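Everything below concerns the one structure shown next.
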Amino acid sequence: MSEWDTFAELLLEENRLLGALGDSALKLTDALVVNEPDAIESAERRVEANRVLHGTAYAQRIAMQRRGFGTLTLPQVCAYAPPALRRTMYATMHEIDTRGIALKLTVSNNRALILAGMERLARTVAVLQRAGTEQSGTYRRRGIVPPPDGSVIVSRRA
């Protein structure tokens, strides 16, 4: 097996693990939408495990690339590859780029879902605090009338 074959295999493995990372990030999105804590936690663990695996594969490929080609970029290395491997390496590089973009979008979406959940939690706590501390000032014969907006039932728009 030549060095080129080894490099192409490292590139393919990096691509495969990036795909697995993207799939686990999408499962985290589903868990965040469903809002089930156990599902979110297990999906987050899978994302982290896949992130570590992909990071290791990426580091191995980069190390081999630096040893053999110095500061050349991946497209430059693919252009220098033997004709038999060139097309496959270009296709794998393109797929890595596409998967990277998809992963960035998924991570951005997950971040937005998490921030929205945190904002909702903060609004819910604020409503509960207001409901527990506000007095309407209206006295009735049998006690204080709670304010009409002081309900502890919180709508989605809290």
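How high is the relative contact order of segment 1-81, given as a whole-number percent (alpha carbon pairs under 8 Å, six or more residues apart)?
Details: 41 pairs, mean separation 30.8, N = 81.
Relative contact order comes out at 38 percent.
Hey, what's segment 1-76 come to in accessible area per residue, 1.4 Å probe, Å²?
Working: 4590 Å² over 76 residues.
Result: 60 Å² per residue.
Give me the percent of the accessible area of segment 81-124 that comes from carbon and sulfur atoms, probe 1.4 Å, all protein chains in place.
Numbers: 2040 of 3100 Å².
Carbon and sulfur: 66 percent of the exposed surface of segment 81-124.
How much length would be gained if the chain were fully extended between LEU72 and THR56, taking 0.36 nm per residue of separation minus their Cα-Cα distance, in nm to one decimal? Could the numbers behind the result be given before it?
Values: separation 16, 0.36 × 16 = 5.76 nm, distance 2.04 nm.
Between LEU72 and THR56, full extension yields an extra 3.7 nm.
How many angstrom lie between the Cα centre of segment 74-102 and the Cα centre of segment 28-46?
Cα centres, segment 74-102 to segment 28-46: 33 Å.
What FRET efficiency do you get for GLU36 and HIS94 if R0 is 30 Å and r is their Cβ-Cβ distance, rounded to the nearest 0.05?
Numbers: r = 36 Å, r/R0 = 1.21.
Once the sixth-power term is evaluated, E becomes 0.25.
The values are calculated or read from the model by the stated rules, or taken from the named source; none is laboratory data. Predicted, not measured: the structure shown is a model, and the values here were computed from it. Glycine gets a Cβ as well: all are built from the backbone with ideal geometry, and neighbour counts include every protein chain shown. Surface accessibility is based on the protein's heavy atoms, side chains included, excluding ligands, DNA and RNA. Shrake-Rupley method; radii C 1.70, N 1.55, O 1.52, S 1.80 Å.
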